[in-house]
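Enquirer: Here's a structure for you.
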Amino acid sequence: MTAEVSRRGFLAGMAGVGALAAAGLAGCAPSKAEGAKEAAPEGAQTGADTADWLGQAPEIADIAETKECDLLIVGAGNGGMAAAAYAADRGIDFMVCEGSTQVGATRHWFAALDTPPFADREPVDRQRLMGEIVRYSSGNCDQRLIKMWMDESADMFAFVDGIMSAAGAVVIADENDMPGGMGGTSFYTPPFEHHYADENGDRKGIEERNVLFEKHINEAGYEVSYGHLLAKLVREEGGRVTGAIFETENGYVQVNAKKGVMLATGGYAANPAMVKALSPVTAQSVTALGYNQNNKGMGIKAAMWAGAAKDLTSATMIFDRGLVAPGTPAGYTPESIEAGDPQFPSNGQFNPGTQPFLKVNMAGERFANESADYDYLPHAAAQQPNGTYISVWDGNFGEDVQRFHTLGCSAGTRMGVQAFKKEDGSYDLDGYFQKQLEDGRLQKADTLEELAEKLGFDAEAKKTFLATCERYNELYDAQEDTDFFKEAYRLSELRTPPFFGATLGGTLLTTIDGIRINADCQALDTQGHVIDGLFAVGDCSGSVFSGNYPDQLHGFACGRTMTEALHVVKVVADM
Ligand SMILES: Cc1cc2nc3c(=O)[nH]c(=O)nc-3n(C[C@H](O)[C@H](O)[C@H](O)COP(=O)(O)OP(=O)(O)OC[C@H]3O[C@@H](n4cnc5c(N)ncnc54)[C@H](O)[C@@H]3O)c2cc1C
């Protein structure tokens, strides 16, 4: 990777900026920047060889315009817009700069502790919650930061709820009870996940949170500065961070911030070089893109160029929903690598992928307990042929998923299929799976033999697959999984046609390792010292996750992101 903010990189970073592209980009070409580079600070900690992805800060000599504010928010996504709306209420002199042309997609489910909607449920067990987060991260977290989220998340909810309910949205306190358990392990599923709908329970009837936040700041006289792509931070020699430089269609714009710069630029899922270097298992277990394509890790890189330290371990949010055509291997496609623009073969999330049906590898063998967190199967499959696996179910799908009773967003399957329930109580599965059957990613057959053919098993694998299905039926009949120890209520039969087979890998949603921060979300340098003037929140920040996302802590990612964002505004307001 080169260090220059190239014309191509700028266009890619501004995905969706059709009008700007059409208007031409005079004034933003790399000729504005001199060729010389600043060296990355010695000792930058990344947990991996950074040679391929960190590069060096561009030296920018030609600033077209300079602006001043107290607080500079970089990135208008879930963290950035929450901070902006909160700062507007406090009359703070802030700017929010966003690389694209619109606010980032709203992530609907968010966690907050002991809020009024959960008043009728047991309080969150904070000791157990802390233990769960620490266990998931193997201790690679700052427990004081997590405590701050626990203590301040109810305030965050109150603020969000004020804006959402004023717009007619109704809060829903999500279900958290999974009486049958999962994977033979006591996962804690706290009562703390919220989302919004209209009075009929439909989200289509309400405006998205980030759109409402934007209206909120507009009404207070602020605007998002779109088309501002972070190029680098400005730091006094060894001292505080005083601002940032953005690439815009009018050249480089420097924004000076007297009190602080808050990075909220998301993770690095759209940066294949970073993904491959920092999380090789992701590159080998993912089949589908689910991330914001603007999130190329620029906030992390800019902070590291300015001397900040990154988490030593990586963490990705992978959901087991990357549906692909039979035979498609996991990972970036060879053609896209060849073309210099690595892409995963598929797109989006096939929600039923999470259901704990029988899952087999390409040799037709069962290889894991399917009653698991979202990323366990894709990770386990990375050690299997092709890196993918096949989920198999029969005509009892509708009844089975009710009994499986998964929680969080995977509950969308048992709820969604209800719309296809017929008067006689059976389900119209052709209707429910219409799209995936039509586009050829999902296979359907009258017999398991025929299904095996359609899934592309070779003769040997087909024999093994049929034997595995028979064995699975035996386990169901015995109501005991002596092979992989899945709970009996999550076993299912493969006897009632039609049979379905879905070839799956992971969908990559985001990365969640980033710049190390303290409990005030201040960025830390490689010695653990605060870098004055620099804050990081959400997916570009670190100190919370390691390895993976604790999926059963539903809404934790967005909940902690918005709480951190509000916390930074409080810190800045007190300066
Ligand atoms: C499809 C999907 C669904 C999800 N659903 C949930 C959920 O329901 N609940 C939950 O807890 N978590 C969910 N997550 C995870 C959650 O979205 C993140 O943890 C959280 O949004 C992080 O917010 P953020 O502000 O850090 O990043 P984002 O919300 O991604 O915002 C980053 C912003 O920075 C901008 N940006 C990037 N680079 C630059 C640059 N160089 N210069 C200027 N701007 C830049 C981007 O355009 C974007 O607007 C989901 C993730 C995905 C992908």
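Enquirer: Cβ under 10 Å from residue 564's Cβ, residue 564 left aside: what net charge do those residues give with Lys, Arg +1 and Asp, Glu -1?
Expert: Cβ neighbours under 10 Å give a net charge of -1.
Enquirer: For the chain, take every pair of Cα atoms, bin their distances at 10 Å starting from 0, and report each bin as a whole percent.
Expert: All Cα pairs considered, the percentages come to 3, 17, 27, 25, 17, 8, 2, 0.
Enquirer: Only Lys, Arg, Asp and Glu count, each charged at its Cβ (+1, +1, -1, -1), so figure out the dipole size of the chain about its Cα centre, rounded to 20 debye.
Expert: 800 debye
Enquirer: Can you list the lysines whose alpha carbon is less than 24 Å from that of residue 454, not counting same-chain residues fewer than 8 positions off?
Expert: 359, 435, 444, 462, 463
Enquirer: What angle do you read, to the nearest 10 degrees and between 0 and 90, between the alpha-carbon axis of helix 209-219 and the longest principal axis of the chain?
Expert: So the inclination is approximately 20 degrees.
Enquirer: Apply 1/(1 + (r/R0)^6) to the Cβ-Cβ distance of residue 61 and residue 220, taking R0 = 35 Å, and write down the FRET efficiency to the nearest 0.05.
Expert: 0.45
Enquirer: If R0 is 56 Å, what FRET efficiency do you get for residue 463 and residue 138 from their C-beta distance, rounded to 0.05?
Expert: 0.85
Enquirer: Pull out the extension gain between residue 237 and residue 520, defined as 0.36 nm times the separation in residues minus the alpha carbon to alpha carbon distance; nm, one decimal.
Expert: 99.6 nm
Enquirer: When the Karplus curve 6.51 cos²θ - 1.76 cosθ + 1.60 is applied with θ = phi - 60°, which whole-Hz ³J(HN,Hα) does each residue of the range 561-571 get, with x for Gly and Pro?
Expert: 4, 5, 5, 4, 4, 5, 4, 4, 4, 4, 4
Enquirer: Now a separate question. What's the extension gain from residue 126 to residue 102 if we count 0.36 nm per residue and subtract their Cα-Cα distance?
Expert: Working it through step by step, the gained length comes to 5.0 nm.
Enquirer: Working from Cα positions, state the angle (0 to 90°, nearest 10) between the long axis of helix 78-89 and the longest principal axis of the chain.
Expert: So the inclination is approximately 50 degrees.
Enquirer: Follow-up question, since we're still on this one. Restricting to Cα pairs below 8 Å that are 6+ residues apart, what does the relative contact order work out to for the chain? Please round to a whole percent.
Expert: It rounds to 22 percent for the chain.
Enquirer: Suppose only helical runs count, i.e. DSSP H with n ≥ 4. What mean residue ellipticity at 222 nm does that imply for the chain under -39500 (n - 2.57) per run, divided by all residues and rounded to the nearest 500 deg cm²/dmol?
Expert: -8500 deg cm²/dmol
Enquirer: What distance in nm separates the two pseudo spin-label positions at residue 529 and residue 250, each 7 Å out from Cα along the beta-carbon direction?
Expert: If labels sit at residue 529 and residue 250, their model points lie 3.8 nm apart.
Enquirer: My understanding is that a pair violates if its Cα-Cα distance is over 31 Å; which of 215/570; 310/570; 258/310; 67/276; 259/310 do that in this structure?
Expert: Those over the limit are 67/276.
Enquirer: What does the C-alpha gyration tensor say about the overall shape of the range 201-338? Classify as rounded when a/c is under 1.5, otherwise prolate if a/b is larger than b/c, or oblate.
Expert: Taking the square roots of the gyration eigenvalues as a ≥ b ≥ c, the range 201-338 is oblate.
Enquirer: Apply the a/c threshold of 1.5 to the C-alpha gyration tensor of the range 508-575 and tell me whether it is rounded, prolate or oblate.
Expert: oblate
Enquirer: For the range 304-399, what is the largest minus smallest coordinate of the Cα atoms on each principal axis, given in angstrom and ordered from greatest to least?
Expert: Here the spans come out as 57, 30, 23 Å, largest first.
Enquirer: Right, another one. Taking every DSSP beta bridge that has both residues in the chain, what percent is antiparallel when rounded to the nearest 5?
Expert: 65 percent
Enquirer: I would also like to ask the following. Would you please give the FRET efficiency between residue 203 and residue 147, computed as 1/(1 + (r/R0)^6) with r the Cβ-Cβ distance and R0 = 22 Å, to the nearest 0.05?
Expert: E between residue 203 and residue 147, to the nearest 0.05, is 0.10.
Enquirer: Mind pulling up the Rg/Rh value for the range 441-575? Radius of gyration and Kirkwood radius, both on Cα.
Expert: We get a ratio of 1.26 for the range 441-575.
Enquirer: While we're looking at this one, here's another question. Whole-Å semi-axes of the range 317-508's equivalent ellipsoid, largest first, each the root of 5 times a Cα gyration tensor eigenvalue?
Expert: 25, 19, 17
Enquirer: Can you grab the distance from the C-alpha centre of the range 537-565 to the C-alpha centre of the range 99-158, Å, no decimals?
Expert: 8 Å
Enquirer: Between 0 and 90 degrees, rounded to the nearest ten: what's the tilt of helix 126-136 against the longest Cα principal axis of the chain?
Expert: 90 degrees
Enquirer: Right, another one. Residue 68 to residue 52: extension gain in nm, 0.36 nm per residue of separation minus the Cα-Cα distance?
Expert: Result for the pair: 2.3 nm of gain on full extension.
Every read-out reported here was derived from the displayed coordinates using simple, explicitly stated rules and does not represent laboratory data. Predicted model, so just to flag it, every value in this text is computed and none were measured. Positions of Cβ are generated from backbone atoms using ideal geometry, with glycine treated the same way; all protein chains shown enter the neighbour counts.
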